[in-house]
Structure formats: C-alpha cells, structure tokens
Amino acid sequence: MKQQLKHLIKYMEPAINNVTLKVLNNEYRAKQVPVKTLSSNKVLVFVPHVDDETIGLGGTIKKYTSLGAEVKVVLVTDGSKSVSSLPGEELSSQRRSEMEKVQHMLGFDSIEYLTLPDGNVEISESNIEKVLNIVKDFQPDVIYTNVLVDAHLDHVNTSLLLAESLKKLNLQDSLKIYMYEINCPIPVAYINTLIDITEELPLKQETINVFASQAIDFDGFINLNIVKSNLSADRSIGAGEVFLGQEAGDFINFAEYIKNKKENFPELFKQANKTVTLLWAYFQNKKAKEKLYKEGISYASIQAQLKDK
C-alpha cells in the first residue's frame, strides 16, 4: 500500500507542484517587505549543520562577500547524524570537506568548528562560553542565526545557545540579529527583511549540489526562494531570502519565551525541503506557529518596556 502511494505521488508530482507554487505565490503576495541593502563590514553566521548556511542564506552570504565584508561562519555540530548511509565518523569528515568547498564558492573568510554532537546541542555553561568567546573575539556588526521556531531541535538550540551567550555581553542595544529560515518557514506576517538574491540564485543552486553526503531533496528550498520574490512589488526581483530582524535584546527575550514554552517542535512542524510536500510543511500547524511568533515578539516588547522603566 505504501509503495502504491509513493508511485501515485510520483505520478501526480508535476500537478501537485504546479498547484503548490500557485498557492504559495498568493501567500507571499499578502505582504510587501522592503528590500534590504547590505552594508555591514563584519558578519557572523551561526549554522547548526553543513548546508544550513546555503539553504538559509547562501545568496545573502555571497552578496556580503562580493561587497568585501568579512564573513565568519560558525558550524555548531559535527554533522555525524545527518541523513545519510555513511557511518558517523566518515560522514562527519565528508561534511567538513563539503563545508570547505562551500566556503570557496560563497567566498566567506573563515569557519569556526564547535563540533557539538549532532542531534544534541546543549545549552550548557561550557557551550555558552565557547559562543561568547567567538562573539567577543570577532566583534560583529551583525549576526545571523536560525529561527527560534523550527522542526529540528539543533536549529532551535543553536539560537537559544546564542541568546544565552549574548546575555553576558553589553551589546543588546547596538547589535542586530537576523533569523533565517531553513526547514520551517517564517509566517509571512512576521517577515521584516527581504534580500534580493536573483543574481546569486544560480550559484546557490550550484552550491547545494556540493552536499553529496545528504540523502534528502533540496528543490523545495529553492522554490521557496523564488516564490518569496512576491514579497516585493519590484518585478525585476526573481528570488529572495527572508529574515526576522531584531535588536539583540529583543532576540534574547524572544528566545527566553521559546525556551519557557517547552513545545515539541519536531511533532508540531514538518520540514519544507521537497516541493511536492511544501504545502503540507507550510500549512501544518500554521496557526500554532503564528501564535508562537506573535506571543514571542509581544513578550520581547513587554520585557524591553519594563527594562526602560
């Protein structure tokens, strides 16, 4: 029965994909988001796994490096439990090799390997100290990290770990944090930053082909970039990467709200990597996701007001 269902989906895939893109085009036309002009000189990017930097903001990284910005990527996990048939140590080694190829293609300056266990990113004092030292040493103008609402706990915990580290610095009012999406799209209402990656999209697609160690599909991520061009009234934009940008203090408070919620995100949400299942991933528990964003951002705002009193 399961095999028959797979054959049916494969047969129906072109029609399903066509409907999917029409629906998502309409979803992203519901809001207009200003296109951000990049200007930072020192950019720090936290990624849970190899390939997340390309999926989430590969085009944006390339724009920064083309402008001469210094970009440092922090790879949080060792990649030993990615979706692959390779044994752990061999997989981890291949993932690191892939990261070095990506560095060359996207042009970022350096990689910091934290090598935390894949599937078990802990918010421990020792890990907080590691992240804190990276931020202090690099002194970034801007930080990029994964969204706080995500179907993969390593993704969530990477950003929670960053938030705990930032609490120890006096940068909360002077540092901007941009959260990028990987497999759990930001609700349209809460996207506040759009980067035009029309020129960078072919390179992003080429870079994705580097990830031979991964036994998953990536077409859904690229199609999401294309439909997000609808967030701009500028019809010359053919693809975009989107972000939720916050001041560091608001990001820290949003993270605190998410940490206290203790929701089981892997059960609530589905990964948005395949076009044929994008509608399922996009709409699964959509209202619950929107509520998390609404309440988290509201909580951050209230905490900021209390601090100012």
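Does at least one position in the range 224-235 carry a residue that is in contact (Cβ under 8 Å) with a residue 12 or more places away in the chain and closer than 23 Å to ARG96 by Cα? No, because not a single residue in the range 224-235 is in contact (Cβ under 8 Å) with a residue 12 or more places away in the chain and closer than 23 Å to ARG96 by Cα. Of everything in the range 1-46 that is modelled with pLDDT of 90 or more, over 24 Å from GLU70 (Cα atoms) and not in a helix (DSSP H, G or I), the residue that is most open to solvent (accessible area, probe 1.4 Å) is ARG29.
Out of all the residues in the range 67-76, is one or more under 21 Å from LEU162 (Cβ atoms), touching a Lys or Arg at 6+ places or on another chain (Cβ under 6 Å), surrounded by fewer than 23 Cβ atoms within 10 Å (Cβ to Cβ) and at pLDDT 95 or above? Write out each step before concluding.
First pass over the range 67-76, keeping only residues under 21 Å from LEU162 (Cβ atoms): 69-76.
Add one more test, that the residue is touching a Lys or Arg at 6+ places or on another chain (Cβ under 6 Å), and what stays is 70.
Pick out the ones that are also surrounded by fewer than 23 Cβ atoms within 10 Å (Cβ to Cβ) and you get 70.
Remaining after also requiring at pLDDT 95 or above: 70.
Scanning the range 67-76 turns up at least one residue that is under 21 Å from LEU162 (Cβ atoms), touching a Lys or Arg at 6+ places or on another chain (Cβ under 6 Å), surrounded by fewer than 23 Cβ atoms within 10 Å (Cβ to Cβ) and at pLDDT 95 or above.
Taken together, the residues in the range 149-165 that are out of contact with any Gly (no Cβ under 7 Å at 6 or more places or on another chain) and open to solvent by less than 10 Å² (accessible area, probe 1.4 Å) amount to 10. Looking at the range 184-302, the helices (runs of 4 or more DSSP H) lying wholly inside it that each contain 3 or more residues that are hydrophobic (A, V, I, L, M, F, W, C) and modelled with pLDDT under 95 sit at 278-283. Does the range 88-109 contain any residue that is open to solvent by 50 Å² or more (accessible area, probe 1.4 Å) and either modelled with pLDDT under 75 or among the β-branched types (Val, Ile, Thr) (or both)? Yes. The numbered conditions (1) open to solvent by 10 Å² or more (accessible area, probe 1.4 Å); (2) farther than 26 Å from ASN225 by Cβ are all true for VAL131 except (1). Within the range 129-149, the presence of at least one residue that is of a type outside the set (Gly, Ala, Ser), farther than 22 Å from GLU70 by Cα and over 19 Å from the mean Cα position of the chain (by Cα) is confirmed.
The values are calculated or read from the model by the stated rules, or taken from the named source; none is laboratory data. It should be emphasised that the depicted structure is a prediction, and the values quoted were computed from it without experimental measurement. As a convention, Cβ positions derive from the backbone with ideal geometry for all residues, glycine included, and neighbour counts pool all protein chains shown. Ligands, DNA and RNA are stripped out before the accessible areas are found, and what is left, the full protein with its side chains, is counted by its heavy atoms. Shrake-Rupley method; radii C 1.70, N 1.55, O 1.52, S 1.80 Å.
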